[in-house]
Amino acid sequence: MDPRRYPSIATAVAALLAQACGTTTANKPSDGAHLAGATGSDGGTSSGGTSSGGTGSGGTLYLGESGSINLGDCSASELPFADQVVNDIGEQRVFYTWTTDEQVDELRAGTELFSRTERPGEGRGLLFNSLAEYGAAGASDEATLASTLANETFAKARFGWPNPWATVLGLPGETYGNQLLKIELAAEAWIAYFDGSSLRVFDTNNELVPIESALATPQRIGAIFHVSAAEGGNAYCGTFAMNGVGFREFALGNIAMVARWSLATDDIAERLQSDIAELHAFEAQLVCLGDTSRWSNDVGCVWSGDYFPSGMLANYDFALGLPSELYRPSASNLEALIATLEASMPTGEPLVVTPGE
């Protein structure tokens with residue numbers, strides 16, 4: 001076949017792919033409050049050589065493993081996880097942290113919400129080790145604030161995430177518990193953002209707080225967002241590892257900025273049910289994604305780019321904090337995730353605590 005005579009074939013296939021699964025668009029962040037996603041030259045994003053996905057007006061056209069063309073329905077009017085994306089930093093007020101039966105018993109017995117300086121046998125975690133090193137290495141206001149956060153304001157902490165489904169599986173060999181704790185920040189709380197090379201602080205409107213103001217009132221910082229990019233050639237190693245990993249997390253430890261925390265409430269159960277419904281909707285659209293075998297390696301690159309892409313897979317990627325192989329989009333992984341959530345529904349009497357009351 002002379003390709004000069006049939007240039008429209010490849011063009012038609014590409015057009016159908018874009019129409020069916022949704023060509024991604026990307027908006028460049030307007031300020032440092034945004035996390036970014038990698039894009040290609042056309043403003044789209046890819047993971048494992050596939051489109052990030054989206055919606056179209058008809059069925060999807062994609063290439064199967066054998067190279068054959070398959071059709072599936074990708075005409076959903078709404079994309080799963082659209083309201084769970086973690087991109088702008090500062091606005092987050094609600095966090096979830098999975099914990100053990102032992103720690104739940106301690107909390108019910110009256111133990112403080114933030115009672116541990118480190119995870120037994122694992123240390124304080126990469127975030128706090130890096131913050132302490134950053135603070136000790138310089139004399140700038142940022143360095144001073146880093147030392148204050150690591151050694152004083154967040155001397156005791158828990159790690160959390162805005163989406164409970166996104167951390168329940170943990171990483172291979174590193175799990176966090178099967179009981180869900182909900183923590184709500186005060187309206188006036190700020191969130192610090194540390195990526196290992198800089199420390200910034202944002203208010204609830206995702207606006208940058210002058211570092212001088214943050215240093216003068218560190219007690220207003222209610223959480224620290226930490227993003228760690230994997231070093232070339234290294235896989236994820238767990239949030240308590242000291243070498244290069246790729247993950248995102250929030251540390252919570254300033255009780256003065258906690259409006260309330262709760263266990264085993266109807267609200268928590270409803271959130272888990274809602275997440276299960278979102279996961280079922282996402283599972284129904286897996287056909288739109290094509291090959292995801294490289295996803296675990298590629299998602300960190302999506303996070304570290306200069307743009308935030310839109311699309312079905314992009315929403316899923318940016319709702320996550322841990323790019324574990326356990327979360328690679330596949331039918332078997334999603335079924336396992338859904339089953340884990342169903343088995344982790346709240347038990348026991350509801351407990352709601354407002355600090356200071």
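Read-outs: derived from the displayed coordinates by stated rules, not from any lab. The shown structure was predicted, so the numbers you read here are calculated from the model rather than taken from an experiment. Here Cβ is always computed from backbone atoms with ideal geometry, including for glycine, and neighbour counts include all displayed protein chains.
Miscellaneous remarks
- If R0 is 22 Å, the Cβ-Cβ spacing of residue 106 and residue 255 corresponds to a FRET efficiency of close to 0.90.
- Distance (nanometres) between label positions extended 7 Å along Cα→Cβ at residue 213 and residue 197: 2.7 nm
- Segment 80-161, relative contact order in percent, only Cα pairs under 8 angstrom and at least six apart counted: 34 percent
- A straight chain from residue 136 to residue 294 at 0.36 nm per residue would run longer than the Cα-Cα distance by 53.1 nm.
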